[in-house]
Amino acid sequence: MSRIFATLITPAELTALQRQPAGPLMVFDCSFDLADAASGEAQYRHAHIPGAVYAHLDRALSDEGLVDPEGHRQPHPDAASGGRHPLPSREKFAMWLSSVGFANDMQAVVYDRQGSAFCGRLWWMLKWMGHEAATVLDGGLQAWQAEGGAVRGGDERSHFQSNFAPGKPLRRLVTGNEVQASLSQPGQTLIDARGAPRFRGEVEPLDPVAGHIPGALNRPFVENFSPDGRFKPAEQLRAAFQAILAGREPATVVHHCGSGVSAVPNLIAMELAGLGPTGLYAGSWSEWCRDPQHPVDKG
């Protein structure tokens, strides 16, 4: 692999990469809709970057869990986190990567068409698996098409099975117990990526309890993007996060959101700003608020 793309890639850079015979490449379409779990796959079948593999948030990037006698879905005991989108174990995720033909020597490019709200999940999971060559298509499918990138519909041919081997994690997964143990301690700075009304507890459309983790700061993930859907320039992101941190050390930051998905754009933005890597509480609010022993703040 001649050059590794590890954070962002532009449509022009992806086009050039596709034309190079040098290194293996796999593109992933992560389009999704929390209100309609089937729509992302339908969008993929309508139009996607040629050769792209579809990565379903619930089936591929989350632990599907087990249904208990009362009809509630619970994560498998080996799941790496709780919440509405629990992380699968590293072993299970490696099996999925192998099943779609992704190998350790490949460059991964991830995108969606929802403002990079979902593709960052796969980017982070690949880093968590020890795979550095993972990058986000800046601006998503819209930017790709705006610059003349080709798309096609239907399904793609299946790839041969590979044997992806997990390596040492390159990003830090933080558990709910770790978050609770470090509440109000200077070694932890929580940043919540949900919208301000949800953070303040004024509304809660998805989880049983409204509010936020005590001491958390609010940085809605959409604030990282320009109107064209691309990440803002590094200097703008750096100024914004430094203002939020107000002197706190960037290395103490633990990101979270509702279910550990839309927090990742904040994590990526801090890395673009030269303030990362930082931690991710993947269970996030949906895990935290289901434990009555966990404190909750509003306002």
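The values are calculated or read from the model by the stated rules, or taken from the named source; none is laboratory data. No experiment lies behind these values; they were computed from the predicted model shown. FYI the Cβ positions are ideal-geometry reconstructions off the backbone, even for glycines, and counts take in every protein chain you see.
Among the numbered conditions (1) touching a helix residue (DSSP H, G or I) at 6+ places or on another chain (Cβ under 6 Å); (2) modelled with pLDDT of 95 or more, tell me where Gly82 comes up short.
Among (1) touching a helix residue (DSSP H, G or I) at 6+ places or on another chain (Cβ under 6 Å); (2) modelled with pLDDT of 95 or more, the lone unmet condition for Gly82 is (2).
Any idea which of (1) surrounded by fewer than 22 Cβ atoms within 10 Å (Cβ to Cβ); (2) in contact (Cβ under 8 Å) with a residue 60 or more places away in the chain; (3) within 15 Å of the chain's Cα centre (by Cα) is the one Pro220 doesn't satisfy?
Against the list (1) surrounded by fewer than 22 Cβ atoms within 10 Å (Cβ to Cβ); (2) in contact (Cβ under 8 Å) with a residue 60 or more places away in the chain; (3) within 15 Å of the chain's Cα centre (by Cα), Pro220 comes up short only on (2).
Name the pairs: first residue in the stretch 192-209 and closer than 16 Å to Tyr281 by Cβ and touching a residue at least 40 places away in the same chain (Cβ under 8 Å), second residue of a type in the set (Ser, Thr, Tyr) and surrounded by 14 or more Cβ atoms within 10 Å (Cβ to Cβ), Cβ to Cβ under 9 Å, at least 6 apart or on different chains?
Asp192/Ser284; Ala193/Ser262; Ala193/Ser284; Arg194/Ser262; Arg194/Ser284; Asp207/Ser259; Asp207/Ser286
Please go through the stretch 244-273 and pick out each residue that is among the acidic types (Asp, Glu) and not in a loop (DSSP other than H, G, I, E, B).
Once the filter is applied, which keeps residues that are among the acidic types (Asp, Glu) and not in a loop (DSSP other than H, G, I, E, B), the stretch 244-273 yields only Glu271.
For the stretch 86-102, indicate whether the set of residues that are in a loop (DSSP other than H, G, I, E, B), touching a helix residue (DSSP H, G or I) at 6+ places or on another chain (Cβ under 9 Å) and among the small types (Gly, Ala, Ser) is non-empty. Before the answer, list the steps.
In the first step, residues of the stretch 86-102 are kept if they are in a loop (DSSP other than H, G, I, E, B); the result is 86-89, 100-102.
Subset that is touching a helix residue (DSSP H, G or I) at 6+ places or on another chain (Cβ under 9 Å): 86-88, 102.
Pick out the ones that are also among the small types (Gly, Ala, Ser) and you get none.
No, the stretch 86-102 contains no residue that is in a loop (DSSP other than H, G, I, E, B), touching a helix residue (DSSP H, G or I) at 6+ places or on another chain (Cβ under 9 Å) and among the small types (Gly, Ala, Ser).
Test Glu147 against the stated conditions and say whether it is within 23 Å of Arg59 (Cβ to Cβ), touching a residue at least 12 places away in the same chain (Cβ under 8 Å) and among the acidic types (Asp, Glu).
On the way: within 23 Å of Arg59 (Cβ to Cβ): no; touching a residue at least 12 places away in the same chain (Cβ under 8 Å): yes; among the acidic types (Asp, Glu): yes.
No: the conditions fail for Glu147.
Residues in the stretch 91-112 that are charged (D, E, K, R) and crowded, with 24+ Cβ neighbours inside 10 Å: how many?
Start the filter on the stretch 91-112 by keeping residues that are charged (D, E, K, R), which leaves 91-92, 105, 112.
Of the ones still in play, those that are also crowded, with 24+ Cβ neighbours inside 10 Å are 112.
Adding up the residues that qualify gives 1.
Can you tell me which residues in the stretch 274-299 are touching a Pro at 6+ places or on another chain (Cβ under 8 Å) and in a loop (DSSP other than H, G, I, E, B)?
Listed by number, the residues that qualify are Leu275, Gly276, Thr278, Ala282, Gly283, Cys289, Arg290, Pro295, Val296.
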